[in-house]
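Structure first, commentary second.
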Amino acid sequence: MKGENTNCLECGTPFKKRNLNHKFCRKACRNKHSRRNTGTPEPSFLTKKKEKHNVASPYSPQNAPKQVFTAQYETYLKQMEEIQIKQESLLKRKKRQLKKHRNILTGTNEISKILSLTGLIGGAVAADSESETSKMAVFTIGGGLLGNFLGKIISQEISGSDMERLMKVEHKIQEIDIEINNLDQLRYIFKDQKHNISKYQPVEAPTLSRAESKKHNKNAILTARELYNKEFESIDIGNKYTGFLGIDLAPNFSMLVHGKAGSGKSTFCLDFANELSKSLGTCFYLSAEEGHSKTVRNKLRQNNITTSNIDLVDFKLVNGINQVEKLLKNGRYRFVFIDSINTIGMTHEKLEELKQKFNDIAFISILQNTKDGKFKGANEFAHNCDIVVNVEDGIAETTKNRYGQLQSHTIFLEKGAKIRKIGNKL
């Protein structure tokens, strides 16, 4: 019946029936059940997948060599175990001494109670020998008080005789406490020394033949000849910037541009984006410092940038970096400019994460400079990029370039002047 809860005829998974003949939770179960009933062998793609899963790499956990403790660490474990055993033994001794202490005190109190009760009964018996009722009451109370008084005196005498025993027991308890404290201190000393002890002996990686090593690391290992003959995709950034940045840049190259305020960083990046957009694809320009402002418009007019292949995104109008990621997922963009990293508070870890997510996009990042001319941020920004450009007073200079030699080029002659071609070498 439709909507009825039932179990899959093949794997037993519970599901709701869509119609009267609905017997399997998924199509794969139905096909598997049919193959088994008809004796049809599994298709090759399923067999290959199983074989692939069953092949254990020499680096897999089940084949990994067992780690062995060092002699120093084994000694440490043995010492800690001995301390624990001694402490447990001392605690048992202390428990026995406390029990003796309690028994002595409990026994003394019981004698006092028995003597008091005996005196009360004795007084009542003595008074009972008289005939007058009033005398009987007086003698009864008097006998009880006298018995209680004598009981206290005898109890005090017994406590006095047992005082020596009590003192011995208390002395033993104090000695046990001192031993326990000494063991605790020793344990703390060993724990402090643990940080200077190597836990495991060094493990040698499994030795593999060259053929086995390449088999298990198909993409990780290449011979020098294989890499020598390998072809890589590259892009032509045009004549204007080839002399400055080099030839055959990777499609997903990364570049860092840094400089002081007003040095020409944004002007340089906007003009570079304009050249890239002419033949290589659409650029995503994240404008965090100036947004959709008049100053950005003036830079576009000065450089005669009228293309529709540059999308200028005002960071203040989007919902943080997460919204930027969503915009990049549409596959429209080949180049991403971030102006600037410092303004949006992006870390080098986050930038590397974006590069990994969008590994077919080139990232050009702008960083602000400090007073001493260094960029603000971790050194990893420079280490993890292909090209580093320092901009100062309208001059762009490469300080790192994996695609060509270090070069210097003019962005503009002086502050506020019209831009001229970067291709004009100083």
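All of the numbers you see were taken from the coordinates with simple rules; none came from a lab. Bear in mind the structure is a predicted one, so any value in this text is a computation, not a measurement. Note that we place each Cβ from the backbone using ideal geometry, even for glycine, and neighbour counts take in every protein chain shown.
Histogrammed with a bin width of 10 Å, the alpha carbon distances of segment 230-339 distribute as 13, 45, 35, 7, 1 percent, first bin at zero. From most to least packed by mean Cβ count within 10 Å, the peptides 379-385, 37-43, 327-333 give 379-385, 327-333, 37-43. Could you compute the net charge surrounding ALA396? Neighbours are other residues with a C-beta less than 11 Å from the C-beta of ALA396; K and R count +1, D and E count -1. That sum, taken over residues with Cβ under 11 Å, equals -3. Put simply, segment 239-410 fits an ellipsoid with semi-axes of 21, 18, 18 Å; these come from the alpha carbon gyration tensor as the roots of five times its eigenvalues, largest first. Other residues whose C-beta falls under 10 angstrom from the C-beta of MET80 contribute a net charge of +2, scoring Lys and Arg +1 and Asp and Glu -1.
Electrostatic tally near HIS348: other residues with Cβ closer than 11 Å to its Cβ, Lys and Arg +1, Asp and Glu -1, net -2. For the set LYS278/LYS316; LYS326/LYS374; LYS316/LYS357; LYS294/LYS357, the pairs lying more than 25 angstrom apart at their alpha carbons are LYS278/LYS316; LYS326/LYS374; LYS294/LYS357.
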